[in-house]
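Structure record follows, encoded as structure tokens.
The values are calculated or read from the model by the stated rules, or taken from the named source; none is laboratory data. Note that the structure is a prediction, hence the values are computed from the model and not measured. All Cβ positions, glycine included, derive from the backbone under ideal geometry; neighbour counts span all protein chains shown.
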Amino acid sequence: MKHALVTGGTGDIGTAICRELARAGHHVVVHTHRRPELAQEIAAKIREGGGSAEAVAFDVVDAAATGAALEQLLARAPIQILVNNAGTTADAPLAGMSQQQWRSVIDVVLNGFFNVTQPLLLPMIRTRWGRIVNIASVSALAGNRGQANYAAAKAGLIAAGKSLAIEVARRGVTVNSVAPGIIATPMTEAAFDAAAIKRLVPMQRAGTAQEVAQLVAFLASEAAGYISGQCVSINGAIY
């Protein structure tokens with residue numbers, strides 16, 4: 001049983017990933033920042049279904065708090081599967097974007113990636129087996145009006161993953177990114193009506209969190225051992 005950490009594990013996609021990794025037989029650490037009760041509930045439901053899970057709460061932007069939480073997890077076992085899913089949005093046209101809006105997204109997505117990933121690398125490398133999956137976005141590949149901060153952060157996440165993949169390639173560790181398009185979540189439903197989805201997506205439907213989770217679980221499996229440094233889009237043939 002390998003230990004897996006999913007940051008942002010209480011969102012729709014994060015929860016689906018946690019459940020899918022648990023179904024694959026891994027012990028899942030459900031991370032949250034502001035919703036510890038929900039993280040505990042998700043972990044409890046996984047256990048009720050016969051899986052293995054626990055919850056942890058910390059702010060990925062706070063390097064000291066993140067390090068302390070990870071140290072406690074590592075005291076029991078190395079984290080061999082890491083899904084960097086924590087993210088945030090603060091949309092605005094760049095001409096009207098505040099420094100706080102820019103920095104807040106960069107902090108969570110990029111600095112959060114570093115704060116979580118860096119302390120886990122050497123313990124993972126020592127096991128000679130690891131899977132790191134970064135959840136990016138179609139916005140990183142195609143851009144999106146009002147999301148210069150989010151697109152920049154997610155594109156940086158993809159680039160950081162490609163560089164890290166090269167660094168750890170000889171150590172049995174793979175690093176990949178997943179770039180979801182329009183996925184059916186409450187946030188997406190508020191932004192895109194059915195007509196917009198049919199216009200934008202050739203498959204004429206939104207994807208599901210479960211479909212994203214299944215892709216992540218594959219990239220975290222033994223079967224994906226020769227796939228590294230890649231960004232896999234899951235977007236219904238948007239482009």
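Please count how many residues of the range 203-223 are assigned to a loop (DSSP other than H, G, I, E, B), within 20 Å of VAL133 (Cβ to Cβ) and over 14 Å from the mean Cα position of the chain (by Cα).
Of the residues in the range 203-223, 2 are assigned to a loop (DSSP other than H, G, I, E, B), within 20 Å of VAL133 (Cβ to Cβ) and over 14 Å from the mean Cα position of the chain (by Cα).
Being within 17 Å of GLY9 (Cα to Cα), in a strand (DSSP E or B) and either in contact with a helix residue (DSSP H, G or I) (Cβ under 6 Å, 6 or more places away or on another chain) or at pLDDT below 95 (or both), is that true of even one residue in the range 136-146?
Looking through the range 136-146, none of the residues is within 17 Å of GLY9 (Cα to Cα), in a strand (DSSP E or B) and either in contact with a helix residue (DSSP H, G or I) (Cβ under 6 Å, 6 or more places away or on another chain) or at pLDDT below 95 (or both).
Quick grid of which residues meet (1) crowded, with 18+ Cβ neighbours inside 10 Å; (2) under 19 Å from LEU38 (Cβ atoms); (3) among the aliphatic types (A, V, I, L, M); (4) touching a Leu at 6+ places or on another chain (Cβ under 7 Å):
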residue: GLN99; (1), (2), (3), (4): no, no, no, no
residue: ARG103; (1), (2), (3), (4): no, no, no, no
residue: PHE113; (1), (2), (3), (4): yes, no, no, yes
residue: GLN118; (1), (2), (3), (4): no, no, no, no
residue: LEU121; (1), (2), (3), (4): yes, no, yes, no
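Here is a list: GLY9, GLY25, GLY49. Which entry is crowded, with 18+ Cβ neighbours inside 10 Å, small (Gly, Ala, Ser) and within 23 Å of ALA209 (Cβ to Cβ)? Steps first, please.
Working: GLY25 fails: crowded, with 18+ Cβ neighbours inside 10 Å; GLY49 fails: crowded, with 18+ Cβ neighbours inside 10 Å.
Within the list GLY9, GLY25, GLY49, the selection yields GLY9.
Looking at (1) out of contact with any helix residue (DSSP H, G or I) (no Cβ under 8 Å at 6 or more places or on another chain); (2) assigned to a strand (DSSP E or B), which is the one condition that is false for SER233?
(1)
Could you list, in sequence order, all residues of the range 154-196 that are part of a strand (DSSP E or B), touching a Cys at 6+ places or on another chain (Cβ under 6 Å) and of a type outside the set (S, T, N, Q)?
Correct list: ALA179 only.
Here is a yes/no grid of residues against (1) at pLDDT 95 or above; (2) touching a Gly at 6+ places or on another chain (Cβ under 8 Å):
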| position | (1), (2) |
| --- | --- |
| ARG170 | yes, no |
| VAL173 | yes, yes |
| ASN176 | yes, yes |
| ALA194 | no, no |
| TYR239 | no, no |
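Taking the range 80-92, which residues are hydrophobic (A, V, I, L, M, F, W, C), crowded, with 16+ Cβ neighbours inside 10 Å and assigned to a loop (DSSP other than H, G, I, E, B)?
ALA86, ALA90 - these are the residues of the range 80-92 that are hydrophobic (A, V, I, L, M, F, W, C), crowded, with 16+ Cβ neighbours inside 10 Å and assigned to a loop (DSSP other than H, G, I, E, B).
Farther than 27 Å from GLU211 by Cα and surrounded by 19 or more Cβ atoms within 10 Å (Cβ to Cβ): is that true of ALA65 in this structure?
No; evaluated as a whole, the condition is false for this residue.
Which is of a type in the set (A, V, I, L, M, F, W, C) and surrounded by fewer than 20 Cβ atoms within 10 Å (Cβ to Cβ), of ILE238, ILE183? Don't jump to the end; show me each part of the working.
Numbers: ILE183 fails: surrounded by fewer than 20 Cβ atoms within 10 Å (Cβ to Cβ).
Of the residues listed, the single one that is of a type in the set (A, V, I, L, M, F, W, C) and surrounded by fewer than 20 Cβ atoms within 10 Å (Cβ to Cβ) is ILE238.
ILE17: touching a strand residue (DSSP E or B) at 6+ places or on another chain (Cβ under 7 Å), more than 25 Å from ALA179 (Cα to Cα) and not acidic (Asp, Glu), yes or no?
Answer is no for this residue.
Can you list the helices (runs of 4 or more DSSP H) lying wholly within the range 1-79 that have 1 or more residues being under 14 Å from the mean Cα position of the chain (by Cα)?
In the range 1-79, 12-23 are the helices (runs of 4 or more DSSP H) which contain 1 or more residues that are under 14 Å from the mean Cα position of the chain (by Cα).
Could you tell me whether the range 188-202 includes any residue that is of a type outside the set (Phe, Trp, Tyr) and within 19 Å of the chain's Cα centre (by Cα)?
Checked the range 188-202: at least one residue is of a type outside the set (Phe, Trp, Tyr) and within 19 Å of the chain's Cα centre (by Cα).
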